[in-house]
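The block underneath contains the structure these notes are about, expressed in structure tokens.
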Amino acid sequence: MPKNAVTVVIPTRNRPQLVVGAVKSALAQSHPISEVIVVVDGADDSTVEALERLGDPRVRCLVLPINGGANNARNQGVTQASTEWVAFLDDDDEWLPEKIERQLAIGTGYDIVSCRFSVRSSKGTLTWPRRLPSGNEKFGDYLFSRRSWFKGDATVTTSSLLVRKKLLDKTPLSTTLRRHQEADWIIRTTDDGARIAYAPESLMIFNDDIGRTRISTSNDWRASLEWIRRMKVYLSPRSYSGFVLTGVGAAASGQREWSAFVFLLREAFWGGRPTPLHLVLYFGMWAFPRSFRHTLRSFLWRSPQCEGSQS
């Protein structure tokens, strides 16, 4: 395989029209893609037939015998890749044509390359993350020590990731987590010495359509609390409190589980060091419904096009 060869891994099931769009965005990259491995997570003849109609020899279907979840599908796709780099793409997202080329241009010396991305919904388009990590900032602290009033200040999504295959061979993605999968894997691998960079441009589109169900947007606050407790060893006290109040707290307030209100405040103070901003955000989440917060955020951060210059 030539230097900087890239395999794209796309997990999917029962969404043939969506996955065909994702595959087309991968095949249209300005940097030639060596292969696109679509991992069909359980029997799904309609998806296989739709991909066969594309007629591109670079597209390969790997049909798993049973449904094992998205990360299991991604891991299975990685095992089939024979290139230096692996890029992940979800079936309901899409890449801009220069994504892989721009990421490879800054990938020398790094193991993981992410990028800004455009969050598209019926309310408009937002560019995330607004802030990129600094050179010596731990990734968990980057993600969870909120500095902004609104979500999207610091974030990462699976479809943005370009990763050296040797790192994925060494540390596969977790197949037990249902939320926080990207954060869990990147925090652990970077703590173990992997290096991450971000392309400053917005290079992909995250389709956050109303009514589309994503596991990552479900509101199981107890599971999130258990996860962050396990991750505490990787975080500063401020970041731990930040996630408890603005991550776990967002899920609990969304369910209006008032029994969690004081409990999570105690967790934040006993287990970490909350900032005034974290506390204001926490109280605001309980005081104002999520629909109001989302509308306000969209109004303040709406952009007319996919821009990568926000910071």
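May I ask you to list pairs of residues, at least six apart or on different chains, whose Cβ atoms are under 7 Å apart, with the first in the stretch 246-261 being hydroxyl-bearing (Ser, Thr, Tyr) and the second being outside any helix (DSSP H, G or I)? Partner pairs satisfying both residue conditions: 246/146. All told, residue 140 meets the bar of being farther than 22 Å from residue 105 by Cβ and in contact with a helix residue (DSSP H, G or I) (Cβ under 6 Å, 6 or more places away or on another chain). Set side by side, the residues 52, 94 differ, and just one is under 18 Å from the mean Cα position of the chain (by Cα) and either in the same structural domain as residue 152 (by TED's automatic domain parsing) or among the small types (Gly, Ala, Ser) (or both), which is 94.
Quick test for you: out of 253, 236, pick the one residue that is at pLDDT below 95 and not assigned by TED's automatic domain parsing to the domain that holds residue 158.
From the options 253, 236, the qualifying one is 253.
The set of residues from the stretch 256-286 being surrounded by fewer than 18 Cβ atoms within 10 Å (Cβ to Cβ), modelled with pLDDT of 95 or more and either of a type in the set (D, E, K, R) or not assigned by TED's automatic domain parsing to the domain that holds residue 235 (or both) comprises 266, 273. So for the stretch 42-60 (the condition being out of contact with any helix residue (DSSP H, G or I) (no Cβ under 6 Å at 6 or more places or on another chain) and at positive phi), does at least one residue qualify? Checking the stretch 42-60: at least one residue is out of contact with any helix residue (DSSP H, G or I) (no Cβ under 6 Å at 6 or more places or on another chain) and at positive phi. Check whether at least one residue in the stretch 200-221 is more than 30 Å from residue 8 (Cα to Cα) and part of a helix (DSSP H, G or I), and report yes or no. So far as the stretch 200-221 goes, yes, one or more of its residues are more than 30 Å from residue 8 (Cα to Cα) and part of a helix (DSSP H, G or I). Suppose the filter is on the phi < 0 side of the Ramachandran plot, at pLDDT below 95 and in the same structural domain as residue 137 (by TED's automatic domain parsing); does residue 164 pass it? The answer is no for residue 164. Applying the selection to the stretch 132-168, what residues are crowded, with 18+ Cβ neighbours inside 10 Å and among the aromatic types (Phe, Trp, Tyr)? Correct list: 139, 142, 144. Scanning the stretch 18-35 for residues that are more than 21 Å from residue 65 (Cβ to Cβ) and outside any loop (DSSP other than H, G, I, E, B) turns up 18, 20, 21, 22, 23, 24, 25, 26, 27, 35. Only one entry in 15, 58 is more than 25 Å from residue 202 (Cα to Cα) and in contact with a strand residue (DSSP E or B) (Cβ under 9 Å, 6 or more places away or on another chain), namely 58.
For every residue, the table says whether it meets (1) in contact (Cβ under 8 Å) with a residue 40 or more places away in the chain; (2) under 17 Å from the mean Cα position of the chain (by Cα); (3) closer than 21 Å to residue 8 by Cα; (4) assigned by TED's automatic domain parsing to the domain that holds residue 234.
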{"position": "107", "(1), (2), (3), (4)": "yes, no, yes, no"}
{"position": "115", "(1), (2), (3), (4)": "yes, yes, yes, no"}
{"position": "126", "(1), (2), (3), (4)": "yes, yes, no, no"}
{"position": "143", "(1), (2), (3), (4)": "yes, yes, no, no"}
{"position": "168", "(1), (2), (3), (4)": "yes, yes, yes, no"}
{"position": "183", "(1), (2), (3), (4)": "yes, yes, yes, no"}
{"position": "187", "(1), (2), (3), (4)": "yes, yes, no, no"}
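The values are calculated or read from the model by the stated rules, or taken from the named source; none is laboratory data. Quick caveat, the model's predicted, so the values are computed rather than measured. Note: ideal-geometry Cβ built from the backbone for every residue, glycine included; neighbour counts use all protein chains shown.
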